[in-house]
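The values are calculated or read from the model by the stated rules, or taken from the named source; none is laboratory data. Quantities reported herein were computed from a predicted structural model and do not represent experimental measurements. A quick note on method: Cβ atoms are made from the backbone with ideal geometry, for glycine too, and the neighbour counts reach across all protein chains shown. SASA here: full protein model, heavy atoms, side chains in, ligands and nucleic acids out. Shrake-Rupley method; radii C 1.70, N 1.55, O 1.52, S 1.80 Å.
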Amino acid sequence: MQTVRGPVVDYLLKEVSFSTCDNKFFGELEKEMLIPNNLNIYGRIKRANSLKDYRLRLEFPDETVIAYLKRPLSNTTDNGKRILTYRLEDLVNYDDYWWLPLGTETEFSLALNLLPPFPQLNPVDLEVSCRPDIAVGVEAYVTTTLRIKAEESIDQLFLTLSTPFQSPGTSMAITEYSEDESRENRQTVTSPRKEFPFPRLSLKKGDTREYKVKTRIAADLTAMTSLKCQQDLLKAKLLLLSESAPSDLPCNVSVLDSQGREIPIERTMRSTVLHALAQIMYSPFSIHREDAPRKQSSPIELVAQ
């Protein structure tokens, strides 16, 4: 006799995004400056003939403060837990998936915001420093050091470092990267490199990795329309993936069918995304005081270096 298999959740992904309070930092970044702000739940259900009366159920520790754009079907507390439930049909992204007929399969997603007091969810200790953090001259070089220490095991790591958009008269390029020997000017570097099959870069608890990037800043005085001393230098995005369980932090996730029974979840992943934009003080000019006779005020001039 052929066994009829019921619906299952093919994969479940819990993604937590971290950033500084204004998405920027000056000179140095420490772990405490990164706060969790966005929580996204992604999943795919298969072998489901209908999603009518199906529910997505989230259980948070009661002290967790949640903000949501999509109003839940219910928001209750029980035994020290904050419980949110949603109709699964309301979480399907019909705009993106209407053109791909998957039959009994579909993906769903839910975006939430975390508010203070923030739970401890960062699996790494991240430090970033820029030297010098005050640069002067028509041409200047700044070395940024990024240090990652795993406080939990990480199955996959992906780091992207790139130069931000620049104002007229100022250009930036990455000239050196510790992970390769290239000396060509680039706008973006990654670790590991983008290639297929995708390289695996993992960390065990306690492991440390360090990356160094040298950035060249060049000023064209004839093209500058303003003088902005606080300068965006380098954008960093760190993506971490780890095997997880539906009950692990930041919340317990379950999918219930129309009878209130839990649907099996075949695979659960936890994703952590850390965003940071490094800033320094930069000016193509330095300040010099002209030599002048005694008892006479000395004028100050700006000199391009």
Among 68, 206, 51, the residue whose Cα sits farthest towards the positive end of the charge dipole of the chain, when +1 is placed on the Cβ of each Lys and Arg and -1 on the Cβ of each Asp and Glu, is 51
FRET efficiency (residue 165, residue 104; Cβ distance; R0 41 Å; to 0.05) is 0.40
Length gained, residue 73-residue 267, 0.36 nm per residue minus C-alpha separation, equals 67.3 nm
Highest mean packing first, using Cβ neighbours within 10 angstrom, the peptides 201-208, 249-256 sort as 249-256, 201-208
Largest first and rounded to whole Å, the semi-axes √(5λ) derived from the alpha carbon gyration tensor of the stretch 108-188 read 31, 18, 15
Per the helix-only model, the chain has a calculated mean residue ellipticity at 222 nm (DSSP H runs of ≥4, -39500 (n - 2.57) each, divided over all residues, rounded to the nearest 500) of 0 deg cm²/dmol
On the accessible surface of the chain, probed at 1.4 Å with all protein chains in place, carbon and sulfur together account for a percent value of 49
Between residue 65 and residues 5 or more places away or on another chain, the pairs with built amide H atoms under 5 Å apart involve 115
The long-range amide H neighbours of residue 82, using H built 1.01 Å from N in the peptide plane and a cut-off of under 5 Å, are 60, 62
Residue separation between residue 143 and residue 175 times 0.36 nm, minus their alpha-carbon distance, gives in nm 10.5 nm
The answer for the chain, accessible area per residue at 1.4 Å probe in Å², is 57
For 88-94, 125-131, ranked highest to lowest by mean beta-carbon neighbours within 10 Å, the order is 125-131, 88-94
Long-range amide H partners of residue 179, meaning residues 5 or more apart or on another chain whose placed amide H is closer than 5 Å, are 212
The ³J(HN,Hα) series, computed from each phi in the stretch 165-178 with the Karplus coefficients 6.51, -1.76 and 1.60 at θ = phi - 60°, rounded to the nearest Hz and given as x for glycine or proline, is 4, 10, 6, x, x, 10, 10, 9, 8, 7, 9, 9, 9, 5
In order over the stretch 125-136: 3J(HN,Hα) from phi, Karplus 6.51/-1.76/1.60, θ = phi - 60°, whole Hz, x for each Gly or Pro, gives 9, 10, 10, 9, 9, 10, 10, x, 8, 10, 10, 9
